[in-house]
Amino acid sequence: MFVTAPILLSLLLRVLGVGLSVYLLYRERDRRFVFLVVLLSLMALRQALTLFDVGSAVREVPAFLVSVLAVGLAFYLVRYVREENETKERLREMNAQLQASRNRLRAAMNASPEYIFLLDGAARYREVLSGEDEITVHPPEDLAGRAVEEVLPEETASAVREAVERTAESGEIQRTEYPMRRDDGVEWYEARTACVRYPDEEVRDVLLTARDVTERKERERKLRRFRRAIETAGHAIYITDDSGRITYVNPAFEEITGYASEEAVGRTPDLLDSGQMSEDYFAELWSTVRSGEVWEEEILNERRDGSLYYAQQTVAPVTDESGTVREFVAIQTDITPLKERERQLNVLSRVLRHNLRNEMNLILGKAQTIQESADGAIASDAAQIERVGERLLDLAETYREILDLIETSGARHRIRLVDRIRAEVRELREAHPNAEVEVAFDCPEDVAAVAIPGIERAVGELLENAVVHSDREPPEVELHVESTADHVRIRVADRGPGIPPTEWEILTGEHEIDPLSHGTGLGLWLVHWLVTRAGGHLSFEENDPRGSVVTIQLQRASDPEGESDE
């Protein structure tokens, strides 16, 4: 045996390496240390065989096995390096994705309208993740370590602390609303809490988000007020969806119609159909409201008990932000007592007008007979009686026209004016051939206004009034019709004594009717009511040098292709 110090030291180091490899294998439980134990053991064995001078053939067996293991180690290292590179690449991708996620999260926090805070379980601020110092009494950088009582008002801090502690203890999401008083009013915030858990740690933090809900609270307040107004309104109100099914009725609807809410909701307004309204009425109603316009007309409905009632009905569409019709709101005012009084007055009016005509015809006949058989003062008195009688009959005729207007005038329509006004001028010239009527049309021949049928009668009445009350011979009247992009103006001017200011001031509302007020007749009232029902404006002024100027202003109607006139 040939022993030298280097050989002995080499042997000891290899034995030590085997022992260390066995220890690492036991501790780390990594099978790769088995390979290291075998390799070092073979190397130590070969060194021992060399130390004891065993034959070279035997000594080379461990050396051969070491060489085999070295080749295997080379292949393993190649595979290890490849896997290591793949792992690094995956880690780089994961880090990039993680960074992108963090960037998205940060962007979302920055863009979020919410304030986001991180608190510990004891309700102390740890970090401000998003938001400014608008809802705290300290800037964000000074919040760390502060309790909520140091940052928020007492009432608010108490609500926030309770929510944070509950979430930290149970892990459940909490929601609370609290006010923040400012110099310019009160702001409301909605706070939500969520538990933040950390791996392998028992510590729990709480994520607190706060959103400004002042506008929502204001909308809720207005909705509550609006609902109270609807609930206490004396008008029947119901709401339908876009298909026409009732979704809500107010108490007045139940009282007027006799249908309870649970009986009406889910059905259509057909449950009120009396069978007295035409199909065209409902077709026009739905066409109007579905186009986004408001419908307003009278309707005859049937109550639950079968009795009928008249209602002034307004139906309006409710649209969303895009302008799409989503619901319809209908308001009905019970006008049955009014219609009954109107019917009674009409009956009384017809009887009085009938009797007035009969009695006046008798008086006029007697007055004519007296004029023919008498002379002097008696004949003059009889002529005066005849004139007064004829004026009374004219007054009764005007009264009839006013009643017809009240009874029959309906919705406003597109009315072509020029031909209608020319017809009134022809009638005036036929009735008063000596009158000088100057007519000027400063408008297109097909100009139209939004008005009611019969609006031209207002023009005829003004022309008649100007001629009849003229104190000059021949009577002179000017008629001028002009149009702008939005309006049509009809101007009637005369050079007579003019309309007394007390009359037109009553019509325009500048002077109240009192027991001393009197006028020349109902003609101007007929004009006033016609123009008012047409949605127009009536104005009066003095002519220069004398006389009056009356102007009717109506809304000009659009002229869509294919639209017909009434």
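The values are calculated or read from the model by the stated rules, or taken from the named source; none is laboratory data. Because the structure is predicted, anything quoted here is derived from the model rather than measured. No Cβ is skipped: glycine too gets one built from the backbone with ideal geometry, and neighbour counts run over all protein chains shown. Ligands, DNA and RNA are excluded from the accessible area calculation, which covers all protein heavy atoms including side chains. Shrake-Rupley method; radii C 1.70, N 1.55, O 1.52, S 1.80 Å.
What about R161, is it surrounded by 15 or more Cβ atoms within 10 Å (Cβ to Cβ), basic (K, R) and closer than 18 Å to Y125 by Cα?
On the way: surrounded by 15 or more Cβ atoms within 10 Å (Cβ to Cβ): yes; basic (K, R): yes; closer than 18 Å to Y125 by Cα: yes.
Considered against the rule, which asks whether it is surrounded by 15 or more Cβ atoms within 10 Å (Cβ to Cβ), basic (K, R) and closer than 18 Å to Y125 by Cα, R161 comes out as yes.
Look at the range 301-313 and say how many of its residues are within 19 Å of R267 (Cα to Cα), surrounded by 14 or more Cβ atoms within 10 Å (Cβ to Cβ) and not acidic (D, E). I'd like the intermediate steps shown before the answer.
Looking only at the range 301-313, we keep the residues that are within 19 Å of R267 (Cα to Cα), and these are 301-306, 313.
After this cut, where a residue has to be surrounded by 14 or more Cβ atoms within 10 Å (Cβ to Cβ) as well, the list is 301-304, 313.
Now narrow it down to the ones that are not acidic (D, E): 301, 303-304, 313.
Here the count works out to 4.
Being of a type in the set (A, V, I, L, M), open to solvent by less than 70 Å² (accessible area, probe 1.4 Å) and assigned to a helix (DSSP H, G or I) is the requirement here; does L45 meet it? First the steps, then the outcome.
Values: of a type in the set (A, V, I, L, M): yes; open to solvent by less than 70 Å² (accessible area, probe 1.4 Å): no; assigned to a helix (DSSP H, G or I): yes.
In short, no.
Which of the helices (runs of 4 or more DSSP H) found entirely inside the range 201-276 contain at least 1 residues meeting this: over 27 Å from V325 (Cβ atoms)?
Working: elements: 214-232, 251-257, 261-264.
In the range 201-276, 214-232, 251-257 are the helices (runs of 4 or more DSSP H) which contain 1 or more residues that are over 27 Å from V325 (Cβ atoms).
Working only within the range 382-417, note down all residues that are modelled with pLDDT of 80 or more and among the small types (G, A, S).
Across the range 382-417, the qualifying residues are A382, A383, G389.
Restricting to the range 246-297, count the residues that are open to solvent by 60 Å² or more (accessible area, probe 1.4 Å) and in contact with a Pro (Cβ under 9 Å, 6 or more places away or on another chain).
4
Of all the residues that make up the range 150-183, how many are more than 26 Å from E215 (Cβ to Cβ) and part of a loop (DSSP other than H, G, I, E, B)?
Count: 2.
Restricted to the range 432-483, and to residues that are part of a loop (DSSP other than H, G, I, E, B) and touching a residue at least 60 places away in the same chain (Cβ under 8 Å), which residue is surrounded by the fewest Cβ atoms within 10 Å (Cβ to Cβ)? Quick ask: steps written out before the conclusion?
Applying the first criterion (part of a loop (DSSP other than H, G, I, E, B)) to the range 432-483 yields 432-435, 443-447, 452-455, 469-475.
Subsequent filtering for residues that are touching a residue at least 60 places away in the same chain (Cβ under 8 Å) retains 446-447, 452-455.
Values: D446: 11, V447: 18, I452: 21, P453: 18, G454: 20, I455: 26.
Looking at residues that are part of a loop (DSSP other than H, G, I, E, B) and touching a residue at least 60 places away in the same chain (Cβ under 8 Å), I get D446.
Restricting the search to the range 15-34, which residues are open to solvent by 60 Å² or more (accessible area, probe 1.4 Å), at pLDDT below 75 and assigned to a helix (DSSP H, G or I)? So that I can check it myself, show each step before the final result.
If we filter the range 15-34 for residues that are open to solvent by 60 Å² or more (accessible area, probe 1.4 Å), which is where we start, we get 15-16, 20, 22-23, 26-29, 31-32, 34.
Among the residues that remain, those that are also at pLDDT below 75 are: 31-32.
Within the range 15-34, R32 is the sole residue that qualifies.
Only one of these is modelled with pLDDT under 85, within 26 Å of E397 (Cβ to Cβ) and of a type in the set (S, T, N, Q): T520, T532. Name it.
On the way: T532 fails: modelled with pLDDT under 85.
Going through T520, T532 in turn, just one is modelled with pLDDT under 85, within 26 Å of E397 (Cβ to Cβ) and of a type in the set (S, T, N, Q): T520.
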